[in-house]
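As structure tokens, the structure follows; a few thoughts come after it.
Here, each number is a calculation from the coordinates, and none is a lab measurement. No experiment lies behind these values; they were computed from the predicted model shown. Glycine also receives a Cβ, built like all others from the backbone with ideal geometry; neighbour counts cover every protein chain displayed.
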Amino acid sequence: MTIKRFEEMKVWQDARMFTKVIYEMTSNHDFKKDFGLKDQIQRASVSVMSNIAKGYERDNNREFVKFLLYSKGSIGEVRSLLYVAFDLSYISANEFERGSATSITIAVQLANFIKYLRVRIPKK
């Protein structure tokens, strides 16, 4: 299957849905008042899907891998920030577990995609 648009990629679709979940989590009363943490986790989640799109639009596997690595870093940042939110009781244990599991799934998708593309990058 040939992907013609970044919107067709499952990893981008999952990152998009996860961004929505993060925005929903950060809309609760206590979380919403912590402007720094709320802004940081929202920006990091948006960065995941945005870097997938930017990398795809570069139309070059080497560049694409670079942007997928940025996305992978951002999903790790989101997972780390979920710990902060949980430790401050901004989110429940269930929300933390769901968010953490989803972030790990996306990180694995990104890692596998990176591995796949690296095989197809011509050696210098």
task: Read phi for every residue in the range 64-81 and hand back ³J(HN,Hα) as whole Hz from Karplus 6.51 cos²θ - 1.76 cosθ + 1.60, θ = phi - 60°, with x for Gly and Pro.
output: 4, 4, 4, 6, 5, 5, 4, 4, 4, x, 5, 5, x, 4, 4, 4, 5, 5
statement: Within the range 28-60, the residues whose backbone N lies under 18 Å from a label point placed 7 Å from the Cα of residue 120 along the Cα-to-Cβ direction are 52-60
field: Eligible aspartates and glutamates near residue 10 by straight Cα distance, threshold 17 Å, same-chain separation 8 or greater
entry: 57
task: Among (i) 14.9; (ii) 14.4; (iii) 15.7, find the value of Kirkwood radius over Cα pairs in Å that was calculated from the structure presented, and write down its label.
output: (i)
- line: Net charge (Lys, Arg +1; Asp, Glu -1) of residues whose beta-carbon lies under 11 Å from that of residue 41, residue 41 excluded, is 0
query: Summing -39500 (n - 2.57) over the DSSP H runs of n ≥ 4 in the chain and dividing by its residue number, what mean residue ellipticity at 222 nm do you reach, to the nearest 500 deg cm²/dmol?
result: -27500 deg cm²/dmol
- line: the range 73-124 -> Rg/Rh from Cα coords, Kirkwood Rh, value 1.22
message: Quick check: net charge around residue 67, other residues with Cβ under 11 Å of its Cβ, Lys/Arg +1 and Asp/Glu -1?
response: +3
statement: Along the range 89-98, Karplus-curve 3J(HN,Hα) (6.51, -1.76, 1.60; θ = phi - 60°) to the nearest Hz, with x for Gly and Pro, reads 6, 7, 10, 7, 4, 5, 5, 4, 4, 4
